[in-house]
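Reading through the structure tokens given below for one structure.
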Amino acid sequence: MMLEQSLITHSAPTLAGLKTGSLFCFSYSSGAELEAQLSRCRLALQDKGVRIRILRRTPDRALLYVYRPAKLAQDLQKPGVPEFLAQMGYPSLNPEQALGRLAQKTARQSCPHEVGLFLGYPLADVVGFIENEGKNCKCCGCWKVYCNECEARKTFHKFKKCELVYTRLFLGGRPVKKLIVAA
């Protein structure tokens with residue numbers, strides 16, 4: 001699968017400006033192929049306020065983080081988030097430094113729980129997930145919900161609708177660059 005298709009499949013709400021970030025695994029046959037596809041996508045994203053970063057890489061798969069840096073900077077300053085991330089080993093809330101720390105942690109474990117904050121999930125749900133060890137959630141969609149179920153369900157519905165529209169437009173020939181909402 002081409003990286004552009006994966007962007008649409010796994011990151012439509014981020015491309016549309018509805019979500020801070022998206023995370024997905026991308027399989028490739030060679031490092032040169034990955035770099036070529038990343039280069040093309042970065043070119044399409046660069047003027048729209050969206051970035052793509054490799055968090056972890058193996059010889060045939062990359063864990064990619066697609067995000068809106070300005071929105072991430074805001075999310076990292078929400079009430080309670082700086083203190084929580086400090087407890088989780090993030091000495092800086094500068095988005096790029098925090099992402100560097102996340103990449104270090106991701107290299108050692110599959111997915112640190114605080115990654116939810118980098119995806120725009122509510123702090124209360126990230127904390128609820130950790131405290132409940134992933135069990136006892138009120139509902140489940142893009143993330144496991146422990147607090148505001150009604151609001152989360154609305155968000156899940158909005159994301160799903162966005163994914164369907166973006167997939168239809170992309171398969172109909174609309175290029176990724178035309179589907180990205182500028183910041």
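Numerical summary
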{"quantity": "Criterion: over 23 Å from A124 (Cα atoms) and either of a type in the set (A, V, I, L, M, F, W, C) or in contact (Cβ under 8 Å) with a residue 24 or more places away in the chain (or both) - qualifying residue of A98, A73, A44, A86", "calculated": "A44"}
{"quantity": "Residue count for segment 101-119, restricted to those that are of a type in the set (K, R) and either touching a Lys or Arg at 6+ places or on another chain (Cβ under 7 Å) or touching a residue at least 12 places away in the same chain (Cβ under 8 Å) (or both)", "calculated": "2"}
{"quantity": "Evaluation of L63 against (1) in contact (Cβ under 8 Å) with a residue 12 or more places away in the chain; (2) out of contact with any Lys or Arg (no Cβ under 6 Å at 6 or more places or on another chain); (3) closer than 22 Å to S110 by Cα (one fails), failing number", "calculated": "(2)"}
{"quantity": "Yes/no for A73 being aliphatic (A, V, I, L, M) and either in a strand (DSSP E or B) or exposed (fewer than 15 other Cβ atoms within 10 Å of the Cβ) (or both)", "calculated": "no"}
{"quantity": "Per-region count, segment 116-159, residues open to solvent by 60 Å² or more (accessible area, probe 1.4 Å) and in contact with a helix residue (DSSP H, G or I) (Cβ under 8 Å, 6 or more places away or on another chain)", "calculated": "6"}
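The values are calculated or read from the model by the stated rules, or taken from the named source; none is laboratory data. The shown structure was predicted, so the numbers you read here are calculated from the model rather than taken from an experiment. With ideal geometry, Cβ positions are generated from the backbone for all residues, glycine too; neighbour counts draw on all protein chains shown. Side chains are part of the model used for accessible areas, which takes the heavy atoms of the whole protein and leaves out ligands, DNA and RNA. Shrake-Rupley method; radii C 1.70, N 1.55, O 1.52, S 1.80 Å.
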